[in-house]
Structure formats: C-alpha cells, structure tokens
1. Where does the charge balance sit around B:E183 when Lys and Arg score +1, Asp and Glu -1, over other residues with C-beta under 11 Å from its C-beta?
2. So which residue, out of A:D186, A:D141, A:D126, gets the largest mean-square fluctuation from a GNM of chain A using Cα contacts under 10 Å as springs?
3. What are the distances, in nm and sorted shortest first, from the label point of A:H67 to the label points of the same position in each other copy, with each label point placed 7 Å from Cα along the Cα-to-Cβ direction?
4. Taking 7 Å along the Cα-to-C-beta vector as the label spot, tell me the A:H38-A:S204 distance in nanometres, rounded to one decimal.
5. Can you tell me what share of the DSSP beta bridges in the protein assembly as shown is antiparallel? A percent to the nearest 5 is fine.
6. Test of understanding: express the Cα radius of gyration of region B:91-190 as a ratio to 2.2 N^0.38 Å, with N the residue count.
7. Contact order normalised by length for region A:85-208, with contacts defined as Cα pairs under 8 Å and 6 or more residues apart; what percent is it?
8. Just the C-alpha atoms of chain B: what Rg/Rh do they give, with Rh taken as the Kirkwood radius?
There are 2 protein chains.
Amino acid sequence: MLGKAKIKYIQSLGQKKHREEEGLFIAEGPKIIHELLHSVPQHVQDVYAVKEWLKENANHPHQHSFHEVSDAELERLSQLKTPNEVIAVVTKFDNAKTIATKGKISLLLDTLQDPGNFGTIIRTADWFGLSQVICSEDCADIYNPKVVQATMGSIARVNVFYTDLVKWLEQQNEVPIYVTMLEGKDVTEMAPLNEGIIVFGNESKGIHQEIVQLANERITVRGKGKAESLNAAVAVGIVLSHIA
Amino acid sequence: MLGKAKIKYIQSLGQKKHREEEGLFIAEGPKIIHELLHSVPQHVQDVYAVKEWLKENANHPHQHSFHEVSDAELERLSQLKTPNEVIAVVTKFDNAKTIATKGKISLLLDTLQDPGNFGTIIRTADWFGLSQVICSEDCADIYNPKVVQATMGSIARVNVFYTDLVKWLEQQNEVPIYVTMLEGKDVTEMAPLNEGIIVFGNESKGIHQEIVQLANERITVRGKGKAESLNAAVAVGIVLSHIA
C-alpha cells in the first residue's frame with residue numbers, strides 16, 4: 001500500500017515545475033520501463049507495478065526498487081487515460097550543456113509543442129542514429145509524461161538541448177543549415193549529407209523568419225495529393241530517410 | 001441553447017454503433033471543419049460553434065447550418081479533452097464497395113488500431129496522392145472522432161475500405177504485394193513503383209503470417225540507431241516518399 005503523501009509526490013512529477021525541483025520524471029508502460037531498465041538502470045529510482053508485471057519480471061536484477069501497487073493505486077499515480085501496468089520514477093539525464101555539430105547531422109526543432117509529435121520525433125531521430133536534438137525553449141518538455149511515452153525509450157539515448165535558437169545558430173558558422181519549408185529543394189533529389197543542421201518548425205506556423213534567414217538551403221517534401229500539410233513527425237522521418 | 005436530447009444525440013455519435021445506425025460522424029476543430037466545408041459542403045449537416053468562430057465565418061455560404069453554442073455546451077458535445085471552437089455533424093462518405101488496384105499504389109493496413117496513427121496514415125497517404133487505403137476489419141474506425149481529427153481533412157478524399165485482407169489479397173493476382181518488415185530490401189534502394197499494394201502491420205505484432213506469405217517482396221526502413229522500432233505513421237511516410 002502506498003501512503004497518500006507518496007502518491008501526491010509522484011503525481012506532482014506530472015508538472016514541469018516539480019520535475020525541475022526534484023530532477024526526476026515519470027515513465028509509464030511495460031515497453032519504455034523495460035527499455036530504461038535495460039539501457040539506463042542506474043537512472044530508474046523506483047518502479048510501481050501491478051502483480052502481473054512483477055511476476056513477469058520476478059528475477060530482474062533491479063528488483064530491489066520494485067513496489068507492488070493495486071490497479072486503483074496505479075490509476076491514481078498515472079498521467080495517462082489508460083494506465084498500463086507499471087510506472088517508474090526516473091532521474092533526469094545529464095544533457096550536455098554544449099553541442100558539437102561538426103561532421104554530423106543534427107536536428108533542430110522550432111516551437112514543436114505537441115507532446116506526441118515531439119516524442120515521436122526524438123524516437124525517429126534515434127532510429128536514424130542522430131545523437132542530438134536542439135530545441136527552442138518553447139518546445140514541449142522532453143520530460144512531459146506524454147513525450148516520454150512517445151519516445152518509446154529513445155529519451156535515454158538522444159541528447160535534447162534547449163536554447164535560444166537564433167543565438168545558437170549564429171555560432172554554427174561552418175555547418176550548413178537546412179530549413180524544411182512548403183517550398184524548396186525536393187528531398188528526394190538530395191544526396192545523403194555528412195554534416196548539417198536540419199530545422200523543422202511548428203505544424204501550423206512554420207519556422208521563425210529569423211531562422212529561415214540564417215539557412216543555407218530550403219528543402220521540402222513534395223506531395224502529389226491535395227492534403228495541406230504533413231504531420232511533423234512524418235516529415236522528419238521522410239527527410240532523415242533521404243539525407244541522414 | 002441546445003436541448004438536452006440534442007446534446008445526447010450528438011454525444012452518441014462518439015460511439016461506432018450509433019454512427020453506423022445514423023450514417024453520421026463528428027468532426028471537431030476549425031482546421032478540419034474548414035476543410036470539410038470547402039471540399040465536401042454537402043456532407044456537413046450541422047455546425048455547432050462558439051461566437052468567435054461564427055464571427056470569423058459570418059459570410060459563409062453554408063451558414064444556414066451554423067448554430068451558436070456556449071463554451072459549456074461545446075464542452076459537453078466534444079469528444080476531445082480540449083474542445084476547439086467548433087463541432088460538425090457530417091454524413092458519412094460513400095466508400096466504394098470494390099477497389100481497383102491495377103496501375104496504382106494502394107496502401108493496406110493490417111490491425112492498425114491506434115486512432116492517432118491511423119488518422120495520420122490516411123493524411124500521409126493523401127499527401128502522396130493515394131486515393132485508397134484497404135484495412136482489416138479490426139483496424140480503427142475511420143469515423144472515430146480521434147481518427148477524423150488526425151486525418152486533418154484527408155478523410156474526405158481517401159477511400160477507406162474494410163475487408164478480410166487475406167481473401168481480398170488472394171483476388172489481386174497480378175498486382176505485386178510488398179510487406180514492410182524489420183528485415184527486407186532497404187526502401188532507399190528501391191525505384192519508384194507504378195503499381196503495388198504496400199502492407200503495413202500493427203506496431204507491436206507486425207503483419208499476420210498469412211499475409212506475409214502472399215507477398216512478392218519484403219521491404220524495410222533501415223535504421224542506424226538503437227531504437228527498436230519506428231512509429232507506424234512515420235514508417236508509412238518514409239516508404240511512400242521512396243516508392244510512390
């Protein structure tokens with residue numbers, strides 16, 4: 001049985017302010033918890049799970065931090081509509097304070113606010129072997145429970161760095177900057193790149209003009225149908241599959 | 001002011017059973033309603049909107065079907081966590097009973113159940129000019145409010161056809177079938193196709209074995225990182241961008 005104070009404490013990590021104070025975040029669901037316990041076990045502080053999950057993970061080396069909860073308790077702890085067997089309290093990652101961009105592909109996100117899309121983009125970047133994503137300060141919080149969920153564990157491998165994009169880009173003199181726009185060079189006609197910063201903007205507002213002005217090239221995903229736009233995460237996947 | 005019975009009736013369209021009985025579905029939010037009023041106005045039966053939206057659309061030719069609602073009423077009508085200015089009751093589209101596959105690219109979805117992903121896939125298919133998506137009967141319902149939302153209006157342009165996939169595929173003798181798997185020919189090495197049925201499966205369970213056996217070729221999106229899998233909608237976007 002979990003005490004009321006403990007439940008309140010874990011619930012509070014749903015809010016950014018409390019995550020920042022505590023240096024902790026919540027991950028939910030068997031898939032991501034499995035991934036975190038596998039790749040960054042030292043970060044997993046406490047695991048709260050229902051009996052079935054505990055049975056399946058009975059011989060896990062990390063089980064000193066496992067706690068059994070009832071379905072009702074899980075529901076109270078969860079930030080999701082449909083709680084899913086297990087929740088963990090995890091210590092935040094030490095994301096680098098500086099980011100090197102020479103000789104590699106980096107992703108830069110301007111005002112990407114939808115948590116599901118943001119997390120899916122981190123997952124997609126990881127799939128293509130990118131180690132870092134640079135974000136404007138008004139992007140979704142990487143430790144937002146919905147973002148964590150959508151990264152499917154990639155949160156443990158991709159360095160997410162929040163900064164003032166214009167100032168930061170002005171310091172990347174020698175690395176070419178590509179902005180994805182509705183008009184530009186068709187990505188299907190581009191050769192794979194060894195180096196570059198690829199910028200994606202907000203789905204409805206696009207990329208800030210000051211950033212567009214810093215770009216070396218505009219690129220686009222050409223459509224043939226009548227749809228007005230592509231989902232942001234889908235666009236990232238398409239661009240990376242052609243140039244990364 | 002909306003009567004209680006009317007509110008209950010509109011709410012009931014959140015359930016598949018009632019949508020089927022009535023031949024109606026609900027669309028929510030300014031973007032998709034704008035799109036539906038533009039491309040299929042004859043399908044938009046009634047529009048329930050807050051004052052601000054009505055003001056912005058004051059001279060709309062379809063305004064005989066517009067009704068003002070309060071924020072509180074909108075919240076009761078909405079299927080979304082965060083209601084968004086406007087809701088419409090829309091008549092279902094006459095999806096074709098048969099599907100021709102000669103000389104074109106068709107998408108086939110096996111047990112794609114996540115509403116957001118399913119809707120995003122329909123939107124992505126539309127972006128690449130595909131006119132039809134064939135689905136197993138256990139895929140998400142195209143008229144589920146979350147699916148409608150995620151299609152961003154593409155629901156009006158893409159013919160979605162539910163059927164028994166194995167039986168249906170066995171009738172497509174001359175059109176090549178491509179299944180997307182974790183192992184297969186790298187899509188980045190494929191030439192664009194003029195004709196083919198591209199099959200995508202459930203994110204965790206993949207494609208049913210009976211369908212894999214009917215395929216002419218296995219294709220894959222090769223990753224370089226450590227992520228275990230790609231989001232289904234992202235995978236569809238990448239594959240279509242290379243072969244469609």
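Computed from the coordinates by the stated procedures, all read-outs in this text should not be read as laboratory data. Values in this document were obtained by computation on a predicted structure and should not be read as measured data. Cβ atoms come from the backbone with ideal geometry, glycine included; neighbour counts cover every protein chain shown.
1. +2
2. A:D186
3. Label point to label point, same position, other copies: 4.9 nm.
4. Here the modelled spin labels are 3.8 nm apart.
5. Roughly 30 percent of the DSSP beta bridges within the protein assembly as shown come out antiparallel.
6. Details: Rg = 13.6 Å, N = 100, 2.2 N^0.38 = 12.7 Å.
The reported ratio for this selection is 1.08.
7. Result for region A:85-208 is 34 percent.
8. Across chain B, the Cα-based Rg/Rh ratio is 1.03.
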